[in-house]
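This report concerns only the one structure given below.
Nothing in this text is a laboratory measurement; each read-out follows from the coordinates by a stated rule. On a predicted model such as this, the values are computed, not experimentally measured, just so you know. When we count neighbours, we look across all protein chains shown, and the Cβ atoms used for this are built from the backbone with ideal geometry, even at glycine.
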Amino acid sequence: MADLPTARVAKERPFLNVGVDFGGPFLIKESSRRNARSQKAYLCLFICFTTKAIHLELVSDLSSAAFLAALDRFIGRRGLPRCIYSDNGTNFTASARELSEVYTLLQENCTEISDTLAQRQVKWIFNPPAASNFGGLWESGIKSAKHHLRRVIGAQLLTFEEFTTLLCKIEAILNSRPLIDLSPDPSDNVDYLSPGHFLIGTSLLSAPEEDISETPLNRLSRWRLLQRAAQCFWKLWSTSYLQSLTPRNKWFNNSSTLKVGDLVLLPHLHRLPLHWPIGKIESVHPGKDNVVRVVSVKTGNSLIARPINTVIPLLQ
């Protein structure tokens, strides 16, 4: 397997090099009226090459104009990217062509403002045609957002505003996922590093709210319906994400590498939205054959014992 591209390993600010892709369609309605007309909408995803942070936008169609509007909103919140990577979709190629025409027009004017704007070009890099193995980074991001989003919405029709609000909640959920341990020192009472740390400088948190994921839909207002959808998305996605981190190797060799001070995830504890159950290993308990099968984990002020197949170590 070849090395990662330079843009994936360079120490850059978030969203300086991004991948972009579309997902959908989803059905939305024009207003909250009972007989409002429905229309299609699409999910536009931007993913940072360096931090794997995700930015989600809702667009009304797959035209280049709709994408350029989404790109403007993205730039206003995340800053101007240097490189954009995408597939060869007609909306992307048309948008790149329009941006190129704007840059050419600016370069023909010799004013100071025009020169400054013309120098801030965004380089657009397209995948080769029929290269289905390219773009795995943003394809996995689209899958993470779209797979469970369809299941939590179901047959409900949301307005553009409601869908945008739900996407912001989902964006925070995806950017809260733990990546690595912040400190190798066991005495440090520190947390994990997530994509959200690169965006706001600390962990992403949600406002306290009642668990209504099991409440019938006909008993909820429109606002509570969005809360329920976000909570259901959290439960489905966080469970599948933790399962993807769990090793499933056969025990041909001793694969336990857990040691004192390791930061681990505890998937069997109750999880509130954007809250990941984290603990530090205080001690390991090898058996008579000197194989570690049980560890003691410190979580807050408590110390619990767990078998090693129920804890997930974070990278250091």
Which of the pairs LYS259/LYS288; LYS143/LYS280; LYS11/LYS259 have their Cα atoms more than 20 Å apart in this structure?
LYS143/LYS280; LYS11/LYS259
Is the C-alpha gyration tensor of segment 1-85 telling us rounded, prolate or oblate? Criteria: a/c under 1.5 is rounded; beyond that, a/b larger than b/c is prolate, otherwise oblate.
prolate
In nanometres, the difference between 0.36 nm per residue of separation and the alpha-carbon distance of VAL291 and SER60 is 77.5 nm
Rounded to 0.05, the calculated FRET efficiency for the beta carbons of ILE304 and LEU157 at R₀ = 35 Å is 0.20
For segment 262-313, report the translational diffusion coefficient in µm²/s to the nearest whole number, using Stokes-Einstein at 25 °C, 0.890 mPa s, and a Kirkwood Rh over Cα pairs.
214 µm²/s
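Sorted by packing (mean other beta-carbon atoms within 10 Å per residue), highest first, where do 141-152, 234-245 land? Can you show the working numbers first?
Details: 141-152: 18.2, 234-245: 16.0.
Most protected by this proxy first, the peptides run 141-152, 234-245.
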